[in-house]
Amino acid sequence: MQVQWQNAQWDQVIEAFIFAKRAIGIAQTTQRVYLARLRMFRDFHCEVGLACQSPVDCTPQCIQHFIVYLTQKNRRLITVFGHYRALRTLFRWLVGIGLRNDNPMTKIPPPRPETPLPRTVTEDHFLAVMKLLDTSKPLDLRYAALFTLLYDTGARLSEILSLRIGDVDLKNRLLLIKGKGNKERIVPFGRTAAMLLSKHLSLLAMTKQLSNNDLVFPSLAGTQLIRRNVYRRWQILQKRAGLKPLPLHGLRHGFARSWLLAGGDAFSLQMILGHARPETTQRYVTLWASDLQSKHAQHSPVDRLALKIKER
């Protein structure tokens, strides 16, 4: 009974927190991540029998116990840091609404996660996958248009799957993308993506009368495609092509790399990718600095002039 009573108190706080975050428009995937991490935090304290009855009276020591517990479970540091960030957001909210006078997270140093290199889809990798798709078949055409848009815009999968007909301007090759926190941005796309998307939408229009509110990539039932199925399709195609499978998010990284190598600037890249902070985009510039140096060595304008400097 004691544990059930404790759980009820924890759940009240967690549900109120999720409701507050939902009210400001955070993505459903982010809501689920918060919920899973905070419930793990709750279960740990209730099962171990620590003194705190809810996040309202949690001490820095209780939180530190949880961080140590995750580490002892051999969780990757990047995962531990994700839990740390979720707790930091929760306790900031509790202070903000007046349920706590202090933020216990200020006394806990954040774990320093490893920074793995992004698994990036290159041009050759992308072409090898696309060659397996027969665009005369509606299903293959749908995935060809979908994967091409992901690689050509750097958009997140959730952003592309939520696109509506009214968000697409085929004439000017522009997408109105609703990103994290329902922030909107305009993203351009190329001629090949426009051609595939036009064919895909033409096939859709043969099955039903389309309105601006219809999804660009609906399932057979007319609902949004399940992301897990899109991931699976991407993995299967890579294996069929004899490639080492890369995550679908690698298309976003690949777009950023190609953009920079083609001479695109970091500020425009930040706008297109929808990064809230320039530091996030700058990481891409740092990661591919050697590629950029190699590119410059091939195309240096002064070196190509074979300029001869007279020595005096």
> What pairs can you find where one residue is in segment 10-28 and farther than 22 Å from Glu47 by Cβ, the other is among the basic types (Lys, Arg) and open to solvent by 40 Å² or more (accessible area, probe 1.4 Å), and their Cβ atoms are less than 8 Å apart, with a gap of 6+ or different chains?
Replying inline: Ile26/Lys180; Ala27/Lys180
> open to solvent by 10 Å² or more (accessible area, probe 1.4 Å) and within 20 Å of Gly181 (Cβ to Cβ), is that true of Gln31?
Replying inline: yes
> Exactly one of (1) surrounded by fewer than 14 Cβ atoms within 10 Å (Cβ to Cβ); (2) touching a Pro at 6+ places or on another chain (Cβ under 9 Å) is unmet by Ile63. Its number?
Replying inline: (1)
> Applying the selection to segment 86-108, what residues are without any contact (Cβ under 8 Å) to a residue 12 or more places away in the chain and in a helix (DSSP H, G or I)?
Replying inline: Val95, Gly96, Thr106
> Does segment 40-57 include one or more residues that are without any contact (Cβ under 8 Å) to a residue 24 or more places away in the chain, open to solvent by 70 Å² or more (accessible area, probe 1.4 Å) and outside any helix (DSSP H, G or I)?
Replying inline: yes
> Taking segment 108-141, which residues are open to solvent by 90 Å² or more (accessible area, probe 1.4 Å) and modelled with pLDDT under 90?
Replying inline: Pro109, Arg112, Thr115, Leu117, Arg119
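With respect to Asn74, determine if the residue is on the phi > 0 side of the Ramachandran plot and free of Cβ contacts under 8 Å to residues at least 60 places away in the same chain. Write out each step before concluding.
Values: on the phi > 0 side of the Ramachandran plot: yes; free of Cβ contacts under 8 Å to residues at least 60 places away in the same chain: yes.
Taking the combined requirement at face value, the residue satisfies it.
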> Among (1) farther than 19 Å from Asp169 by Cβ; (2) assigned to a helix (DSSP H, G or I); (3) at pLDDT below 95, where does Ser268 come up short?
Replying inline: (1)
> Does segment 284-292 contain any residue that is at pLDDT 65 or above, under 23 Å from Phe147 (Cα atoms) and in a helix (DSSP H, G or I)?
Replying inline: yes
> With (1) at pLDDT below 95; (2) surrounded by 14 or more Cβ atoms within 10 Å (Cβ to Cβ); (3) not polar (S, T, N, Q) as the list, and Phe217 as the residue in question, which single condition is left unmet?
Replying inline: (1)
> Any idea how many residues of segment 146-193 are farther than 19 Å from Leu273 by Cα and crowded, with 21+ Cβ neighbours inside 10 Å?
Replying inline: 0
> If we keep just the residues of segment 1-39 that are part of a helix (DSSP H, G or I) and of a type in the set (Val, Ile, Thr), which is modelled with the lowest pLDDT?
Replying inline: Val3
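The values are calculated or read from the model by the stated rules, or taken from the named source; none is laboratory data. What you see is a predicted model; the values in this text were computed from it and never measured. All Cβ positions, glycine included, derive from the backbone under ideal geometry; neighbour counts span all protein chains shown. Accessible surface is based on the protein model in full, side chains and every heavy atom, while ligands, DNA and RNA are left aside. Shrake-Rupley method; radii C 1.70, N 1.55, O 1.52, S 1.80 Å.
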